[in-house]
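Values in this text are rule-based calculations from the coordinates and carry no lab data. Everything numeric in this text was worked out from a predicted model, so none of it was measured. When we count neighbours, we look across all protein chains shown, and the Cβ atoms used for this are built from the backbone with ideal geometry, even at glycine.
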């Protein structure tokens with residue numbers, strides 16, 4: 001799902017103009033990005049917790065030791081238990 005589609009759904013459900021909903025969704029994503037860059041932990045109740053952590057330096061090829069991977073910031077998304085339960089009860093059509 002794209003942010004535009006999400007904004008359209010929000011506009012439809014709340015009965016607000018699509019332009020307003022798109023502005024809100026866009027600003028939400030900007031704030032989300034800014035907070036993650038600052039290493040904040042974001043808890044979306046009954047949905048997920050989004051956070052970042054530093055993945056430490058490691059050697060990619062342990063046999064030769066030629067390739068190393070430097071420290072980097074990694075995104076972590078942990079679903080809430082209620083979301084996990086909801087996803088596990090949904091039957092998927094094939």
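Before moving on, here are some points about what is shown:
- Rounded to the nearest 10 degrees, the angle from helix 18-37 to the longest Cα principal axis of the chain is 20 degrees.
- Compared with the dominant principal axis of the Cα atoms in the chain, helix 3-14 is inclined by about 30°.
- Label zone at residue 3, where the point sits 7 Å out along the Cα-to-Cβ direction: the range 39-60 residues whose backbone N lies under 11 Å: none
- Convex hull of Cα atoms in the chain, direction-averaged projection (nm²): 10.0
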